[in-house]
Amino acid sequence: MVWDIMKIVILPILAGLAFHYLIHGKFKWLDKAMPLVSMAGIAFILTIITAAGRDNLLKVGALLLIATFMHNIAGYFLGYWSARILKFHERDCRTIALEVGMQNAGLASGLALAMGKLATAGLAPAIFGPVTNVTGSTLASWWHNHLPGDTPITKESTETKDAVNNLSSL
């Protein structure tokens, strides 16, 4: 399992760092293409997991969606309030909430594949990943428009907030 985690997490990080150090900026078309390749890869993997677990997904799909949503929201809530109880700054509380709420569904999918349980254990991360992307982006956007209480209001932060408000009114 350690080797599987290395293949799923460590080696891609090292490859990304090597790519960034050696190639980034030298080929503009490649810099633009790599995020698209990454998104296509994720979509391909989710398609394979969903197809492999189609029958199970039809049986428990709605319940699994509700469970992953509740798990995700609980992560945000517990992360935020744990940090608040420890008297962290508001900005740190928000960061911890997002970190706890948005766990690595890709790692869970890879481990399910390594265990040969893609059609069963792979379904939860296949649903959890998109759910965390939607809820995490929504929460981050909402917090972005509501400055932390312990952030000093400066002319620059007021201008930034005004600019965001102007963009959102378009």
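For A114, only one of the following conditions fails: (1) open to solvent by less than 30 Å² (accessible area, probe 1.4 Å); (2) touching a residue at least 24 places away in the same chain (Cβ under 8 Å); (3) not aromatic (F, W, Y). What is its number?
The single condition A114 does not satisfy is (1).
Determine if the range 78-86 includes at least one residue that is outside any helix (DSSP H, G or I) and either open to solvent by 40 Å² or more (accessible area, probe 1.4 Å) or touching a strand residue (DSSP E or B) at 6+ places or on another chain (Cβ under 6 Å) (or both).
Looking through the range 78-86, at least one residue is outside any helix (DSSP H, G or I) and either open to solvent by 40 Å² or more (accessible area, probe 1.4 Å) or touching a strand residue (DSSP E or B) at 6+ places or on another chain (Cβ under 6 Å) (or both).
Show the residue pairs that are 6+ apart or on different chains and have beta-carbon atoms under 6 Å apart, the first residue being within the range 82-104 and under 23 Å from N145 (Cα atoms), the second being crowded, with 16+ Cβ neighbours inside 10 Å and of a type in the set (V, I, T).
Between residues of the range 82-104 that are under 23 Å from N145 (Cα atoms) and residues that are crowded, with 16+ Cβ neighbours inside 10 Å and of a type in the set (V, I, T), the close pairs are A83/I96; M102/T132.
Write out, first by first residue and then by second, each pair whose Cβ atoms fall under 6 Å of each other, whose residues are 6+ apart or on separate chains, and whose first residue, in the range 128-142, is acidic (D, E) while the second is surrounded by 14 or more Cβ atoms within 10 Å (Cβ to Cβ) and at pLDDT 90 or above.
Correct list of pairs: empty, since none qualify.
Looking at the range 1-37, which of the residues that are farther than 22 Å from K117 by Cα and in contact (Cβ under 8 Å) with a residue 12 or more places away in the chain is surrounded by the most Cβ atoms within 10 Å (Cβ to Cβ)?
M34
Condition check ((1) within 16 Å of the chain's Cα centre (by Cα); (2) closer than 30 Å to I23 by Cβ; (3) open to solvent by less than 40 Å² (accessible area, probe 1.4 Å)) across all residues:
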position	(1), (2), (3)
M39	yes, yes, no
I48	no, yes, no
A51	no, no, no
F88	no, no, no
G122	no, no, yes
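For V100, are the conditions met, namely being modelled with pLDDT of 80 or more, exposed (fewer than 14 other Cβ atoms within 10 Å of the Cβ) and of a type in the set (A, V, I, L, M, F, W, C)?
So V100 does not fit the description; no.
For the range 125-138, indicate whether the set of residues that are modelled with pLDDT of 80 or more and either in a loop (DSSP other than H, G, I, E, B) or at positive phi (or both) is non-empty.
No.
The values are calculated or read from the model by the stated rules, or taken from the named source; none is laboratory data. Here the structure is a predicted model, which means the values were calculated and not measured. Positions of Cβ are generated from backbone atoms using ideal geometry, with glycine treated the same way; all protein chains shown enter the neighbour counts. Ligands, DNA and RNA are excluded from the accessible area calculation, which covers all protein heavy atoms including side chains. Shrake-Rupley method; radii C 1.70, N 1.55, O 1.52, S 1.80 Å.
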